[in-house]
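This report refers to the structure that appears directly beneath it.
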Amino acid sequence: MQEDFINLRFGLLEQLKNISTRVDKILNEDELNIHQMADLLRYAQTYESLSNAYSNIAQDI
């Protein structure tokens, strides 16, 4: 069971890293369009949810 939690945490970390990479790519653009702004908002919400899940799993281990 603990191994499952650890694997889940590593999966969450990978997702957080992917989101960070996408955000960095958007922020390196010279100008942002409305779709990129919407993506940034969605990424922020997803990042927050994943971070909370990561913290909750860390408490369960």
Verdict on ASN18 being without any contact (Cβ under 8 Å) to a residue 24 or more places away in the chain and over 10 Å from the mean Cα position of the chain (by Cα): no
Which numbered condition TYR54 fails, given (1) in a loop (DSSP other than H, G, I, E, B); (2) surrounded by 11 or more Cβ atoms within 10 Å (Cβ to Cβ): (1)
Any residue that is of a type in the set (Phe, Trp, Tyr), assigned to a helix (DSSP H, G or I) and modelled with pLDDT of 95 or more - is there at least one of those in the stretch 2-16? no
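The values are calculated or read from the model by the stated rules, or taken from the named source; none is laboratory data. A quick note: this is a predicted structure, and the numbers were derived from the prediction, not measured. Virtual Cβ from ideal backbone geometry, glycine too; neighbours counted across all protein chains shown.
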